[in-house]
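All remarks here apply to the structure that follows.
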Amino acid sequence: MGRRRRKVVRMPKKRLPKSFDCPECGKTSTIGVNITSQKPLIIARCSECGKEIVKEFVGNKEMTFECQNESCPNYNQTILRVRPFSEHVIFAECGKCHGKTLLQLPLEDAPINCSCETQKQVRLTTRPAERLATLTCGSCELICYLLASPVDEPVDIYGKFLDRYYGKG
Ligand SMILES: [Zn+2]
Ligand SMILES: [Zn+2]
Ligand SMILES: [Zn+2]
């Protein structure tokens, strides 16, 4: 008995549109949407001078934060070490006295355990990853930046853009 070859039926894939009409210049399919993801940020605030040191949060690697303020007693010193502990917890350590703290993510403006003599403590903040969408028209000067949700497709961004363009957003 010969094997009967089954006919492969290809369902046409529903394609989400990638280019859109421009309300500014009236041309069709000239607007493109580009969505980029930005990594979450860790912001450390120096205990002495209050200056913030902002770094992109890199997974599974220790990060160190040095105060960059030349007139600060902490200048060029590691004031903080941070590494991921588990998916939603980071491990923070005072760069000077090695006081250790576990912090739950996302966190907003939390102090770290520190037994340094200073009354003030290094503080930590995280800012979650964001998706930034850029709309540009290939035919006119139109450019628009919008924050995208984790599930937004270009067509959703275009909808938000139109809402804003016509004053509904
Ligand atoms: Zn400082
Ligand atoms: Zn300390
Ligand atoms: Zn245009």
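Computed from backbone phi, the HN-Hα couplings of region 27-43 come to 7, 9, 6, 9, 8, x, 10, 10, 10, 10, 9, 9, 6, x, 10, 10, 10 Hz, rounded to whole numbers (Karplus: 6.51 cos²θ - 1.76 cosθ + 1.60, θ = phi - 60°; Gly and Pro given as x). Taking amide H as placed 1.01 Å from N in the peptide plane, Ala148 has its amide H under 5 Å from the amide H of Arg131, Leu132, Ala133, each at least 5 places away in sequence or on another chain.
Listed values for region 77-91 are Karplus-derived 3J(HN,Hα) couplings in whole Hz (6.51 cos²θ - 1.76 cosθ + 1.60, θ = phi - 60°), namely 9, 6, 9, 7, 10, 9, 9, x, 9, 9, 4, 10, 10, 10, 9, and x replaces Gly and Pro.
Kirkwood radius and radius of gyration were both taken over the C-alpha atoms of the chain, and their ratio Rg/Rh is 1.24. Only helical runs count toward this figure. For the chain, summing -39,500 (n - 2.57) over DSSP H runs of n ≥ 4 and dividing by all residues gives -2000 deg cm²/dmol at 222 nm. Look at the alpha carbon pairs under 8 Å that are at least 6 residues apart: their mean separation over the length of the chain gives a relative contact order of 22 percent. The H on the amide N of Phe85, modeled in the peptide plane, is under 5 Å from the matching H of Ile90, Phe91, each at least 5 residues off or on a different chain. With θ taken as phi - 60° and the Karplus curve 6.51 cos²θ - 1.76 cosθ + 1.60 applied, the whole-hertz 3J(HN,Hα) list for region 68-75 is 9, 8, 4, 8, 9, x, 8, 3 Hz, x standing for glycine and proline.
Read the figures in this text as sums done on the coordinates, not as results from a lab. Bear in mind the structure is a predicted one, so any value in this text is a computation, not a measurement.
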